[in-house]
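Colleague: Okay, handing you the structure first.
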Amino acid sequence: MEKYKVIKVTIEHEYFIPMLTEERSEINGWTLSEIIEAWFNRGNINAWHATRDTHELGNGKKITKIEVLESGNIK
């Protein structure tokens, strides 16, 4: 019987959004709400996304939380 533990790691990413005006970005002229919907809510966050991925700030990832969720045995 194999023992296991599951941990949850929460990671923060930062993105640079160039703006045309206070409301409109240089990315298709979209608002921040439109960018958030297109980049984060519509698709798989784990899939490659050309525009989103090129706007991620380098070395901007931060671990914000680590917690143990469960333990058990695999039969």
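Colleague: Looking at 22, 67 in this structure, which one is within 30 Å of residue 1 (Cβ to Cβ), at pLDDT 95 or above, among the acidic types (Asp, Glu) and out of contact with any helix residue (DSSP H, G or I) (no Cβ under 7 Å at 6 or more places or on another chain)? Spell out how you get there, then give the answer.
Modeller: Values: 22 fails: within 30 Å of residue 1 (Cβ to Cβ).
Of the residues listed, the single one that is within 30 Å of residue 1 (Cβ to Cβ), at pLDDT 95 or above, among the acidic types (Asp, Glu) and out of contact with any helix residue (DSSP H, G or I) (no Cβ under 7 Å at 6 or more places or on another chain) is 67.
Colleague: Does residue 59 satisfy the criteria of being out of contact with any Gly (no Cβ under 7 Å at 6 or more places or on another chain) and modelled with pLDDT under 95?
Modeller: Numbers: out of contact with any Gly (no Cβ under 7 Å at 6 or more places or on another chain): yes; modelled with pLDDT under 95: yes.
It is true that residue 59 is out of contact with any Gly (no Cβ under 7 Å at 6 or more places or on another chain) and modelled with pLDDT under 95.
Colleague: Conditions first: (1) among the hydrophobic types (A, V, I, L, M, F, W, C); (2) at pLDDT below 95; (3) touching a helix residue (DSSP H, G or I) at 6+ places or on another chain (Cβ under 6 Å). Residue 50 passes all but one, so which condition is the exception?
Modeller: (3)
Colleague: While we're looking at this one, here's another question. Kindly list, by first and then second residue, each pair from a residue in segment 5-17 that is surrounded by 10 or more Cβ atoms within 10 Å (Cβ to Cβ) to a residue that is among the β-branched types (Val, Ile, Thr) and in a strand (DSSP E or B), limited to pairs with Cβ atoms under 6 Å and residues at least 6 apart or on different chains.
Modeller: From residues that are surrounded by 10 or more Cβ atoms within 10 Å (Cβ to Cβ), the pairs are 10/64; 11/63; 12/64.
Colleague: Could you list, in sequence order, the residues of segment 44-73 that are closer than 11 Å to residue 15 by Cα, without any contact (Cβ under 8 Å) to a residue 40 or more places away in the chain and either part of a strand (DSSP E or B) or β-branched (Val, Ile, Thr) (or both)?
Modeller: Correct list: 51, 54.
Colleague: Right, here's the next one. Regarding segment 51-66, can at least one residue be identified that is surrounded by 11 or more Cβ atoms within 10 Å (Cβ to Cβ) and over 13 Å from the mean Cα position of the chain (by Cα)? Spell out the reasoning first.
Modeller: At the first step, the residues of segment 51-66 found to be surrounded by 11 or more Cβ atoms within 10 Å (Cβ to Cβ) are 51-53, 55-56, 60-61.
Among the residues that remain, those that are also over 13 Å from the mean Cα position of the chain (by Cα) are: 51.
Checked against the condition, which is being surrounded by 11 or more Cβ atoms within 10 Å (Cβ to Cβ) and over 13 Å from the mean Cα position of the chain (by Cα), segment 51-66 yields at least one hit.
Colleague: Can you tell me which residue within segment 18-50, out of those that are more than 30 Å from residue 74 (Cβ to Cβ) and of a type in the set (S, T, N, Q), is surrounded by the most Cβ atoms within 10 Å (Cβ to Cβ)?
Modeller: 25
Colleague: Keeping to segment 26-43, report how many residues are in a helix (DSSP H, G or I) and charged (D, E, K, R).
Modeller: Step one: list which residues in segment 26-43 are in a helix (DSSP H, G or I), which gives 32-41.
Keeping just the survivors that are charged (D, E, K, R) gives 34, 37.
Looking only at that region, the number is 2.
The values are calculated or read from the model by the stated rules, or taken from the named source; none is laboratory data. Every value quoted in this text rests on a predicted model; they were computed, and no experiment measured them. FYI the Cβ positions are ideal-geometry reconstructions off the backbone, even for glycines, and counts take in every protein chain you see.
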